[in-house]
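The values are calculated or read from the model by the stated rules, or taken from the named source; none is laboratory data. As the structure is a prediction and not an experimental result, all values here were calculated from the model. FYI the Cβ positions are ideal-geometry reconstructions off the backbone, even for glycines, and counts take in every protein chain you see.
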Amino acid sequence: MTTYSATFQAAQAEELQRQLLRTDGCEHAAYILFNKANIHVDPWHRQTHIKYLSAKVVPVPDEQVLESTPNLISWQTASFIRRLKEAATNGQALAIIHSHPGGLRGFSLQDDENEAELVRLAQNRNGADTPLLSFVMTPDKVLTGRVWLSPKYHAPMRLIRTIGDSFNLDYAGRGTSAGRQAFDRQALAFGKALNEDLSRLRVGVVGCGGTGSAVAMLLPRIGVGNVGLIDNDVVDVTNLNRLHGARQADADAMAPKVQVVARSITELGLGTRVVTKEAWVGDPECFDLLKSCDIIFGCTDDNEGRLFLGRLALFYLIPVIDLGLAINVTDAEPPAMEALDGRVTVLTPAKPCLSCRGVVDAARAAEEAMRRDMPALYEKRKAEAYVFDEGNPNPVVVTFTTELATMAVNELLQRLNGFRGPNGYRANQLRKFHLMIDAKPGAKPTAGCALCDSDGYWGKGDVQPFLDRAS
């Protein structure tokens, strides 16, 4: 069985709202071109899944509208044919969307009849396996969607996401679930809908060390229904004071960190389904898991992993919440604190990437790739002083890795619920723990940056090579 979902870029969703939700009280329509993310196996539910990623909005020209009333819209098919041609040329899927000014959140019988005819036209022109997506928008900006696979059959959209400063979710029956008793008191603070949203989310955690394990243990406690863990490291004795869930026996057995954290989540008994990958995030075996996620926490401390996740966030419209902790001390005994800085950065389209923020270093990333893929060459070049040695281990303290994780998960709650108000979003937050100072360092895209100074990669979806990265 194949399931379907769609993700809208916030700017395109706002454009649709302007086009469709006019003050005349009549129905209006537009086209959307979508790129695709093909997921061979959703690791939580073992199903094939297709994500549609919004790429372009095209209004139905007013001069082609034949009739527009509060209950009906019809238009000439010339513009529909042009959009079908464009979709076929670009390997995209075409969608039609119209408004229901009266607030009907489903499709009417008239919609069923009209859209079936458009499906016939689309499949006659572009091929019998051509899908046609359709959406309805109500005045409260709620979206309902489906995928027509033939003139006689359509499948529902499992989830519709709109990704910008806020993360908005639409799905059938939202707000009607009774919810789980374990989260009743959370609902008293944020409302029942947030609990329901969290229970549906697929959230990835990349890196299961001190920060990642803390994030991973918070997610089921706020009600996230599906968690995916990625890490290729094992537990050692130096992890025991900060890796949540780890035991001495795990260090003795050199147990994989992902298995230790997954065990701890399962033992909570809160109903969260956990899947794991013992691998580096950029390994192909992780691709289905990553593409299946709705949101990802980046808790890796390597430059290459951060660069990879930054590209993933834009290609697949999957928000990445990246965490970093830097502790610098003097050589004195006891050491004097020079810096104790925690950072939470949210990566989405239209925001500066980590390179433009000065967080990642491309040269270091290249060295990390060499160390992983060509260890002999890396050791040779290190001996020749052509690469940086790792040196002494970085200082780390569990209270600060855990507080940083809490900052990041609270930012997720803000994005879903808006509890801090419309000005409460933090694209980049820096906490200087030793000075008790919070800051919001700004940044602008570097001129010519392919990731954030241009929208060419935003919602691009599946391309070869993956993420358009040289292997």
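Quickly run through the stretch 436-466 and pick out the residues that are loosely packed, with under 12 Cβ neighbours inside 10 Å, over 28 Å from Pro284 (Cα atoms) and of a type in the set (Gly, Ala, Ser).
Across the stretch 436-466, the qualifying residues are Gly442, Ala447, Gly448.
Quick one: which of Gly204, Gly210 is under 16 Å from Asp294 (Cβ atoms) and either in the same structural domain as Asp283 (by TED's automatic domain parsing) or not small (Gly, Ala, Ser) (or both)?
Selected residue: Gly204, the only one of Gly204, Gly210 that is under 16 Å from Asp294 (Cβ atoms) and either in the same structural domain as Asp283 (by TED's automatic domain parsing) or not small (Gly, Ala, Ser) (or both).
If you check Val65 against the conditions, is it over 24 Å from Ala155 (Cα atoms) and hydrophobic (A, V, I, L, M, F, W, C)?
The answer is yes for Val65.
Just the residues that are farther than 17 Å from Phe287 by Cα and assigned to a loop (DSSP other than H, G, I, E, B), please, taken from the stretch 20-43.
Answer for the stretch 20-43, where residues must be farther than 17 Å from Phe287 by Cα and assigned to a loop (DSSP other than H, G, I, E, B): Leu21, Arg22, Thr23, Asp24, Gly25, Cys26, Glu27, His28.
So is Val58 closer than 28 Å to Asp462 by Cβ and of a type outside the set (Ser, Thr, Tyr) or not?
Taking the combined requirement at face value, the residue satisfies it.
Kindly provide the set of residues from the stretch 78-106 that are under 17 Å from Ala6 (Cα atoms) and either at pLDDT 95 or above or part of a helix (DSSP H, G or I) (or both), ordered by number.
Selection gives Ala87, Gly91, Gln92, Ala93, Leu94, Ala95, Ile96, Ile97, His98.
So which residues in the stretch 256-270 are surrounded by fewer than 17 Cβ atoms within 10 Å (Cβ to Cβ) and outside any helix (DSSP H, G or I)?
Gly269 - this is the single residue of the stretch 256-270 that is surrounded by fewer than 17 Cβ atoms within 10 Å (Cβ to Cβ) and outside any helix (DSSP H, G or I).
Which residues, counting only those in the stretch 404-460, are of a type in the set (D, E, K, R) and either part of a loop (DSSP other than H, G, I, E, B) or farther than 26 Å from Met337 by Cβ (or both)?
Matches in the stretch 404-460: Arg415, Arg420, Arg426, Lys440, Lys444, Asp453, Asp455, Lys460.
Do we find that Gly245 is buried (at least 16 other Cβ atoms within 10 Å of the Cβ) and over 16 Å from Asp294 (Cα atoms) in this structure?
The answer is yes for Gly245.
From Arg105, Arg125, grab the single residue that is over 24 Å from Glu15 (Cα atoms) and not acidic (Asp, Glu).
Arg125
Any residue at all in the stretch 292-310 that's touching a Pro at 6+ places or on another chain (Cβ under 6 Å) and of a type in the set (A, V, I, L, M)?
Yes: the stretch 292-310 contains one or more residues that are touching a Pro at 6+ places or on another chain (Cβ under 6 Å) and of a type in the set (A, V, I, L, M).
On the basis of being in contact with a helix residue (DSSP H, G or I) (Cβ under 9 Å, 6 or more places away or on another chain), assigned by TED's automatic domain parsing to the domain that holds Ala216 and within 29 Å of Asp322 (Cα to Cα), does Gly191 make the cut?
Yes, satisfied.
Check off (1) under 23 Å from Thr48 (Cα atoms); (2) within 27 Å of the chain's Cα centre (by Cα) for Val119 and give me the number that stays unchecked.
Val119 satisfies every listed condition except (2).
I want to confirm something. Restricting to the stretch 283-310 and keeping residues that are assigned to a helix (DSSP H, G or I) and polar (S, T, N, Q), which single residue is modelled with the highest pLDDT?
Ser292
Which of the residues spanning the stretch 208-240 are in contact with a strand residue (DSSP E or B) (Cβ under 7 Å, 6 or more places away or on another chain), part of a loop (DSSP other than H, G, I, E, B) and closer than 25 Å to Pro395 by Cβ?
The answer is Cys208, and nothing else.
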